[in-house]
1. Which residues, taken from the range A:73-89, are at the interface with chain B (Cβ under 7 Å from one of its Cβ atoms), in contact with a helix residue (DSSP H, G or I) (Cβ under 9 Å, 6 or more places away or on another chain) and not in a loop (DSSP other than H, G, I, E, B)?
2. What helices (runs of 4 or more DSSP H) completely inside the range B:311-429 contain at least 2 residues that are in contact with a helix residue (DSSP H, G or I) (Cβ under 9 Å, 6 or more places away or on another chain)?
3. Consider the range A:1-58. How many of its residues are within 21 Å of A:Gly95 (Cα to Cα), over 11 Å from the mean Cα position of the chain (by Cα) and of a type in the set (Phe, Trp, Tyr)?
4. Assess whether B:Ala23 counts as being more than 14 Å from chain A (Cβ to nearest Cβ), out of contact with any Ser or Thr (no Cβ under 7 Å at 6 or more places or on another chain), without any contact (Cβ under 8 Å) to a residue 60 or more places away in the chain and assigned to a helix (DSSP H, G or I).
5. Can you confirm whether B:Glu273 is surrounded by fewer than 20 Cβ atoms within 10 Å (Cβ to Cβ), more than 10 Å from every other protein chain (Cβ to nearest Cβ) and farther than 29 Å from B:Leu430 by Cβ?
6. Please go through the range B:282-298 and pick out each residue that is over 30 Å from B:Tyr45 (Cβ atoms) and buried (at least 20 other Cβ atoms within 10 Å of the Cβ).
7. Can you find a residue in the range A:69-84 that is out of contact with any Leu (no Cβ under 6 Å at 6 or more places or on another chain), basic (Lys, Arg) and surrounded by 15 or more Cβ atoms within 10 Å (Cβ to Cβ)?
8. From the set of residues in the range A:90-117 that are more than 17 Å from A:Ile58 (Cβ to Cβ) and of a type in the set (A, V, I, L, M, F, W, C), which is nearest to the other protein chains (Cβ to nearest Cβ)?
Amino acid sequence: MPQTHQVKLGNLAAIVRSKNAGPYRLTFDVLFDRDENYQAVSKSGVLNSKSVANAYGIDVDKISSFFEIPIARAFKVTMFRPHAQCSSGETDVYGAQQHVPLMNMLIPVSTTIKGYDDV
Amino acid sequence: MKQIRILAPTGMLGAGFSLDALARGMAMRPDAIAVDGGSTDPGPYHLGSGTPLYSDEIIKRELRSILPAARSMGIPFIVGSAGGAGTNSQVDCVGRLVHEVAAEFGLHFKLAKVYADIPKERVIAAIERNEVRDFEAGFDLSKEDVQACSGLVAQMGDEPIRQALDKGADVVIAGRACDDSAIASFAIWKGANEALSIHMGKILECGAFSAEPFGMDVMIGVVDDSGFTLEPGSTARRASLKSVAAHSLYERENPFEQHGPGRVLDLSNCVFEQVDERRVRVSGTRGKHTDDYWIKLEGAKPVGYRSITLAGVRCPTLISRIDTVLEQVSEATRKRVEDPSLRIVCRKYGMNAVMRELEVEKRFPHEVGLLMETTASTQDAAYDACNAMGGKLLHAAYEGQKNTSGNIAFPYSPRVQNIGMQYEFAAYHLMKVESACECFPIVIEEV
């Protein structure tokens, strides 16, 4: 049984980002350039609608969709925006700075996977 | 079928591109130049107010590069979602700039303006016929919502732009258009595969955002019978599997389905190939027309005039009580400016101002940036409230206070800025139409 350690998703992926998908939804992309890192995250099974909802402290029914896209070595998760883009008190016109809780999610991967050391 | 080459100079007209990349792209002999001119991404302001996203001078600077290049090769130039939101007044604005630049260069051609404002009566009649449904707004569109809109457009498909090309247009300035359709319209008009053209349009509409390094710059797409090939104009960029795949996910929800006016694309069988160092080929895109033709409505309504004031807090005695003190100050402000329309929002940069309820980090920072905003039915009321708010916070007394001479650091005099009428989205719904072109009238002008 290989040993595992916890690595931040942001240290395994090449890109973790958030963006508007229209005025009412936020979409998050996780993309990998190292296939072994993508495979490790995929096989860990811990990246899913429920875990992302937990990372943001929201109910899982606020997640509108979750996709794994092997051809792009990517995961994509979309949530209903808590408040419509530019409604009173809303904070992020482009939805581009909502990614950090996703980036900080801990993923159990084999100790042979070292990850980056950048976030 | 022969290849059709489309050059997208940038991701949004006004966002800029390099002249070298344009020259190199033009040397590849494109069959048309097409560029996206807008989006809902910058928010509802440009739709609600009609104010263009970029200044006239910035748009003219780009037209001075693109128009003479297109005319010298005798190829069409197409702009979708002109002016930022693609309202009629924004189409007319970009149309006027086209006339001015053409006059500077002594160019003559046929200009088509394709309008996308939707009359309120048209939408209300559709609501009465049960032909409007929610897209993603989360509410049913009411007649009152429609009446409240100061800007109301719909996204056209490629058909109205093709109709303009049928009429002999050399330059097409289109109002709100589905991004991919505006870029794909010429290729479809020339008989290219519709699904491939639309998929290529979706990637080209962001210019060189699908390249690496990504940026607002020239991107070229070449569509043929079995696929399309992407190449950036600048030799400092390349299209890679990673950059194109990443872009295929960008600012959209479903990576395998792409909905647009009257159609849906199936991307689940797409194949991406690295043709050479700088080019990526995409194939396998499928598409079909939908039984009914629905267009997406976008509406924005005014919500009041706003004033803002920016201030920094450094003292830990206030940072630890900031919510309580802001609540007191808001209360006192409401008593001072008794306007029932008044709304107060305090943003505490350093303390959850970016993510609000999605924030999970709870540590206290050593300083906080406060952005206090007031919104009211008149600019004067908003100004008075914002000014009162700043003054009252500056001299608020609170438990545990050490510094009694002033609680906040204002960077500016005057401390209050009036930022004018504000808008919110009021419609983001689908409306059924009988034909793709019925809501998008075309006006032809000789330049």
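1. Applying the first criterion (at the interface with chain B (Cβ under 7 Å from one of its Cβ atoms)) to the range A:73-89 yields A:74, A:76, A:78, A:82, A:84-89.
In the following step, the residues that additionally are in contact with a helix residue (DSSP H, G or I) (Cβ under 9 Å, 6 or more places away or on another chain) were identified as A:74, A:76, A:82, A:86, A:89.
Scanning the range A:73-89 gives A:Ala74, A:Lys76.
2. Values: elements: B:316-319, B:322-336, B:379-394.
Once the helices (runs of 4 or more DSSP H) in the range B:311-429 are filtered for at least 2 residues that are in contact with a helix residue (DSSP H, G or I) (Cβ under 9 Å, 6 or more places away or on another chain), what remains is B:322-336, B:379-394.
3. Residues meeting the conditions: 1.
4. Working: more than 14 Å from chain A (Cβ to nearest Cβ): yes; out of contact with any Ser or Thr (no Cβ under 7 Å at 6 or more places or on another chain): yes; without any contact (Cβ under 8 Å) to a residue 60 or more places away in the chain: yes; assigned to a helix (DSSP H, G or I): yes.
Answer is yes for this residue.
5. Details: surrounded by fewer than 20 Cβ atoms within 10 Å (Cβ to Cβ): yes; more than 10 Å from every other protein chain (Cβ to nearest Cβ): yes; farther than 29 Å from B:Leu430 by Cβ: yes.
Considered against the rule, which asks whether it is surrounded by fewer than 20 Cβ atoms within 10 Å (Cβ to Cβ), more than 10 Å from every other protein chain (Cβ to nearest Cβ) and farther than 29 Å from B:Leu430 by Cβ, B:Glu273 comes out as yes.
6. Residues of the range B:282-298 that are over 30 Å from B:Tyr45 (Cβ atoms), as a first pass: B:282-292.
B:Val282, B:Thr285 - these are the residues of the range B:282-298 that are over 30 Å from B:Tyr45 (Cβ atoms) and buried (at least 20 other Cβ atoms within 10 Å of the Cβ).
7. Checked against the condition, which is being out of contact with any Leu (no Cβ under 6 Å at 6 or more places or on another chain), basic (Lys, Arg) and surrounded by 15 or more Cβ atoms within 10 Å (Cβ to Cβ), the range A:69-84 yields at least one hit.
8. Ranking the qualifying residues of the range A:90-117, first place goes to A:Val93.
Bear in mind these aren't lab numbers, they're just calculated from the coordinates by the rules spelled out. From a predicted model like this one, the values you see are computed outputs, not experimental measurements. A quick note on method: Cβ atoms are made from the backbone with ideal geometry, for glycine too, and the neighbour counts reach across all protein chains shown.
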